[in-house]
Structures are given as structure tokens and as C-alpha cells.
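Derivation of every value follows stated rules applied to the coordinates shown; laboratory data play no part. Model, not experiment: these values are computed from the prediction. Don't worry about glycine lacking a Cβ; one is built from the backbone with ideal geometry, like all the others, and counts go over all protein chains shown.
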Amino acid sequence: MNAKDLLSLSPVLPVVVLHDAEQAVPVAHALRDGGVRVMELTLRTDAALEAIRRVASEVPDVVVGAGTVISPDQAKQAADAGAAFLVTPGATDTLLDAAVETRLPLLPGASTVSEAMRLAERGFDTLKFFPAEASGGPAALSAIGGPLPQLRFCPTGGITPTNAPRYLALPNVGCVGGTWLTPADALAARDYARIETLAREASALTAEARTT
């Protein structure tokens with residue numbers, strides 16, 4: 001699997017923040033049962049690496065990756081934990097070098113034309129657009145597609161069920177990333193049925209966006 005393949009796994013990439021690794025497998029099952037077979041577990045909590053290990057070993061039909069990778073050590077730790085891909089909010093040379101060493105598909109973050117051009121010079125053609133809404137939203141991504149039509153994006157940051165279709169309608173967007181599929185209150189209540197419903201609704205929403 002390469003980064004372009006990653007964007008085709010699902011129209012929506014759930015961005016998941018877990019404080020309890022025990023929830024990793026039930027959340028993965030709920031997303032899968034709702035039609036979403038990929039998830040990004042962010043390295044913002046102490047439970048994240050163990051959560052990645054559990055999904056990678058116990059739910060093989062869900063592709064689990066590590067998000068919010070901001071250091072070389074985190075890139076290696078995520079790979080060792082079984083992550084199938086890495087996502088970074090931005091891109092420094094040191095971080096890019098470490099991520100490339102893992103040989104995992106990488107979605108490096110960019111928010112400007114210059115950042116996207118720099119990543120393209122390094123051989124990356126599939127990027128994360130972050131923070132999407134704060135960086136100009138669909139209009140900005142559409143404009144970037146003019147001079148850089150070869151690049152594909154997963155916009156993340158401020159994406160909601162309401163604005164997701166506007167992103168997915170763009171030719172340079174492969175999928176969107178969002179936290180709304182696993183809201184904090186649903187996780188706190190261990191309401192996995194709600195997560196499954198949100199995943200199913202998100203899949204239908206994004207599928208509709210691609211056909212309109």
C-alpha cells in the first residue's frame with residue numbers, strides 16, 4: 001500500500017483520540033461495521049501506541065495508522081507498534097527522514113503552496129492539508145490544484161458532515177479526515193453503537209458528495 005492507496009480506502013479517515021487502550025478494539029469494530037475500514041489513532045495520549053498495537057493485532061481488516069507524529073522517535077515507535085501508515089501535522093526535514101526510514105506510507109502535512117511544493121520536490125504526491133478550514137478551506141485547495149495538479153490531499157482540521165462534501169467534490173481530494181466519527185462524549189459513554197451509526201452516516205454522506 002502506498003499513500004495514494006490510503007486515500008482510496010475510505011472517503012473519510014477517522015481521526016481518533018483515545019485515553020484508554022481498552023477502547024481501541026471496540027472502536028475499530030464499530031467503525032468497520034459502519035463501513036469505515038481505516039482509522040488514524042493520534043499520538044496525543046499515553047494510550048495511543050498500545051491502542052495501535054491492539055488494533056493492528058486484533059482487527060486485521062481495519063487499517064490503523066498513527067497521527068500527530070511530530071518527532072523521529074514517534075515515527076519509529078508507531079512503526080514498531082504496528083502502524084500501517086503515518087500522518088504528520090507539518091513537515092521538517094528531520095521528521096521526514098525518520099518517517100521515510102520506516103518505509104510506511106506517509107501523509108505529510110502542508111498548509112501553503114510553498115510547503116506543498118517543497119514536499120513535492122522530495123517526492124511526496126499525497127499530502128495532508130492542515131489545518132484545512134483555518135488555511136482557506138475548499139477554495140484554497142482548489143486554488144492549489146491549479147499550479148500543482150499532480151498532488152492529492154486529505155484535508156483535516158475543522159471538517160464536519162456539513163462541509164465535507166465541498167472538499168470531496170474537489171478533484172485533488174482523495175478523502176477527508178475528521179474527529180466527528182468518534183466524539184469524546186460517545187467514547188466516554190462507551191457508546192459504540194453511536195460510533196457505528198456516525199461511521200455509516202459519514203460513508204453515505206461522502207459517497208453522495210462524489211456523485212453530485
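Summary of values
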item: The chain: Cα Rg divided by the 2.2 N^0.38 Å rule of thumb; result: 0.94
item: Order of 154, 175 under a 10 Å beta carbon neighbour criterion, fewest first; result: 175, 154
item: For 192, 167, order by how many other beta-carbon atoms lie within 10 Å, fewest first; result: 192, 167
item: Gained length - residue 150 relative to residue 1, 0.36 nm times residue gap less alpha-carbon distance; result: 51.8 nm
item: Computed over the chain: relative contact order in percent, which uses C-alpha pairs under 8 Å that are six or more apart; result: 22
item: Neighbourhood charge, 11 Å Cβ-Cβ cut-off, centred on residue 63 and excluding it, Lys, Arg +1 and Asp, Glu -1; result: -1
item: Estimated FRET transfer efficiency (residue 188, residue 71; beta-carbon r; R0 25 Å; 0.05); result: 0.30
item: Residue order, fewest to most surrounding Cβ atoms within 10 angstrom, among 113, 55; result: 113, 55
item: Computed FRET value (nearest 0.05) for residue 20 with residue 97, which takes r as the C-beta separation and R₀ as 41 Å; result: 0.80
